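First the structure, in the form of structure tokens, and then the observations on it.
The values are calculated or read from the model by the stated rules, or taken from the named source; none is laboratory data. As the structure is a prediction and not an experimental result, all values here were calculated from the model. With ideal geometry, Cβ positions are generated from the backbone for all residues, glycine too; neighbour counts draw on all protein chains shown. Just the protein is used for accessible areas: all its heavy atoms, side chains included, with ligands, DNA and RNA removed. Shrake-Rupley method; radii C 1.70, N 1.55, O 1.52, S 1.80 Å.
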Amino acid sequence: KQLDKEIKAIEARILSLVKEDQQHQLSLLTSIPGIGQKTALFLMVITDGFSKFENAGQLCSYAGITPTIRESGSSVRGRARISKVGNRKLRNLLFLCSFNACRHNKACRALYERIVNKGKSKKLALIAVANKLLKQCFAIARSGRPYDEAHVSVLPR
């Protein structure tokens, strides 16, 4: 119980610090369907306000949700899997957000349905949705404009 109280106090302190400094960026990130306040805060803290990365691909690699090909020469051909080299907490948060995004974010829902209809596993589709969510977050944070479903096709793939 004491640890839970301390965690809530730390989260409240982080929220107040971010609201002082970067309230606009926090509201931009939470405007994306599927991204909650905790995930937005964690993204802002871990990426230093999205200033650590030049493009969305670097951020996805940092999170560890990019596919890596496992092959060696002509004889060893393994299945492509996510790298898992990056931040585990960020990867877990994005994976959990992908469930909600499949329901409320039209672009993510379309991606999920397209992958599942191809016969791929649902978990693979959720990882792809998490990747798309992270790219949407990067694009929204860099552009400075709130999420708009009409302009989803403008976001990087």
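Name the residue, out of LYS122, LYS132, LYS89, that is open to solvent by 60 Å² or more (accessible area, probe 1.4 Å), touching a helix residue (DSSP H, G or I) at 6+ places or on another chain (Cβ under 9 Å) and closer than 25 Å to LYS52 by Cβ.
None of the others qualify; the one that does is LYS89.
Counting only residues that are over 20 Å from TYR62 (Cβ atoms) and of a type in the set (Lys, Arg), which one in region 13-43 is surrounded by the most Cβ atoms within 10 Å (Cβ to Cβ)?
LYS19
Go through region 70-86 and report how many residues are under 21 Å from VAL129 (Cβ atoms) and open to solvent by 100 Å² or more (accessible area, probe 1.4 Å).
Qualifying residue count for the region: 4.
Here is a list of conditions, (1) assigned to a helix (DSSP H, G or I); (2) in contact with a strand residue (DSSP E or B) (Cβ under 8 Å, 6 or more places away or on another chain), and ILE65 meets all of them except one; can you say which number that is?
Going through (1) assigned to a helix (DSSP H, G or I); (2) in contact with a strand residue (DSSP E or B) (Cβ under 8 Å, 6 or more places away or on another chain) one by one, ILE65 breaks only (1).
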